């Protein structure tokens, strides 16, 4: 017979052993019981990660739709937009997730997502009281992260395929961060990676003369260094803490890796890209391809 870890580990010694295993960032898989003996089966070297969904902002480019609701609750296919990124994290075996959103729409977001039970995850919520940039929102999750590696995903990013392969590549990194790149036709809208044959040399935020058409999409993976980096960056000319500054610091340390996104992707930040996201997910029945 095979039992779940939590349902079988009842005595104090077993619970202590389980806590030690978890502190090593080794994922317990099952406990098997045979002939009166209990055996813990683990996956060695598996890095436990947490997810952070950023779902704030005013969504001004989607006004008047966003005058009455949070952008991330707008429908794409048959579901609210933010459901997609929750499902992406769960498919990547990330089930401890914080959702950060604005004061005005927190209630609606909680009403939509609930505890996370319907998705197979546990959700925690945090309010970003003022718009201070992506890195500013990320800083609010420092206590939640508690030293674990994190996957940060923007609530308006829609991927045709699962991000799980890229998360798995990040799990194998000893340190640093990882970003995802996608070729785009309008690079002036995005953070753009200047690259050589091997690595990213620099990321420029919405350049007027982009050095490539490789956009850094809204999914970022970081180790525990990220919060020290956020503490040291300075606001951009528009007064925000930019995630591009964080990524460029990882580049300066020689610790930023990258993956290319498979299939279609959109950020659903304009009426045109929102329509693209709607068509993409409607055609797939809101399923994420693997």
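Things to note:
- Counting only strands (runs of 3 or more DSSP E) that fall entirely inside segment 1-106 and contain at least 1 residues that are at pLDDT below 90, the qualifying elements are 27-34, 37-43, 96-102.
- Top-ranked residue in segment 60-76 [being in contact (Cβ under 8 Å) with a residue 40 or more places away in the chain and either crowded, with 22+ Cβ neighbours inside 10 Å or in contact with a strand residue (DSSP E or B) (Cβ under 9 Å, 6 or more places away or on another chain) (or both); ranked as nearest to residue 150 (Cα to Cα)]: 72
- Some residue of segment 231-253 being part of a helix (DSSP H, G or I) and free of Cβ contacts under 8 Å to residues at least 12 places away in the same chain: yes
- Scope segment 182-213; condition closer than 22 Å to residue 54 by Cβ and in contact with a helix residue (DSSP H, G or I) (Cβ under 8 Å, 6 or more places away or on another chain); matching residues: 191, 200, 203, 204, 205, 206
- Candidates in segment 88-97 are the residues that are surrounded by fewer than 21 Cβ atoms within 10 Å (Cβ to Cβ) and touching a strand residue (DSSP E or B) at 6+ places or on another chain (Cβ under 9 Å); of these, the one that is farthest from residue 159 (Cα to Cα) is 96.
- Segment 172-185, residues that are surrounded by 18 or more Cβ atoms within 10 Å (Cβ to Cβ) and more than 12 Å from the chain's Cα centre (by Cα): 176, 177, 181, 182, 184
- Restricting 209, 202, 257 to those that are assigned by TED's automatic domain parsing to the domain that holds residue 63, more than 28 Å from residue 73 (Cα to Cα) and either free of Cβ contacts under 8 Å to residues at least 24 places away in the same chain or assigned to a loop (DSSP other than H, G, I, E, B) (or both) reduces the list to 209.
The values are calculated or read from the model by the stated rules, or taken from the named source; none is laboratory data. Only a predicted model underlies this, so the values are computations on that prediction, with no experimental measurement involved. Cβ: placed from backbone, ideal geometry, glycine included. Neighbour counts: every protein chain shown.
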